[in-house]
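Chemist: The following block contains the structure, expressed as structure tokens.
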Amino acid sequence: TLGALVAFGGYYAVYEYIHWCMHLPKKRRIEKPWWFRRLNGHHLLHHRYMHKNFNVVFPLADLCLGTLILRSKIPFPQATGDSVPCVQPKAH
């Protein structure tokens, strides 16, 4: 049970830190990799579609549960910045 507690605590700490960095970007080292941009877009869509993209750090659960969305279906005013990818609908 100690291992499970450590794993849960570690996951939660990583989640909280990444989530905090997404809401308060400051050009930290963690905000530069491609995976952070990808997760930040996932998170941005969650705030646009509250019933989608629940898992900020490990979106596999959204894929398995059918709550994954990769792009918006309609255009919307979107935050921009170095660590924020475009999640607008693809142009035809």
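Chemist: I'd like to verify a number: residues in segment 1-19 that are surrounded by 10 or more Cβ atoms within 10 Å (Cβ to Cβ), closer than 19 Å to residue 55 by Cβ and out of contact with any Leu (no Cβ under 8 Å at 6 or more places or on another chain), how many?
Modeler: Total meeting the criteria: 12.
Chemist: May I pose another question? Residues of segment 23-54 being in contact (Cβ under 8 Å) with a residue 12 or more places away in the chain, under 14 Å from residue 72 (Cα atoms), open to solvent by 100 Å² or more (accessible area, probe 1.4 Å) and assigned to a loop (DSSP other than H, G, I, E, B), which ones?
Modeler: Correct list: 51 only.
Chemist: For segment 55-69, which residues satisfy the criterion of being surrounded by 12 or more Cβ atoms within 10 Å (Cβ to Cβ) and modelled with pLDDT of 95 or more?
Modeler: Hits for segment 55-69 are 62, 67, 68, 69.
Chemist: Report whether or not residue 85 is in a loop (DSSP other than H, G, I, E, B) and open to solvent by less than 100 Å² (accessible area, probe 1.4 Å). Before the answer, list the steps.
Modeler: On the way: in a loop (DSSP other than H, G, I, E, B): yes; open to solvent by less than 100 Å² (accessible area, probe 1.4 Å): yes.
Yes.
The values are calculated or read from the model by the stated rules, or taken from the named source; none is laboratory data. No experiment lies behind these values; they were computed from the predicted model shown. Every residue, glycine as well, gets a Cβ built from its backbone with ideal geometry; the counts of neighbours run over all protein chains shown. Note: accessible area is taken over every heavy atom of the protein model, side chains too, but ligands, DNA and RNA are not part of it. Shrake-Rupley method; radii C 1.70, N 1.55, O 1.52, S 1.80 Å.
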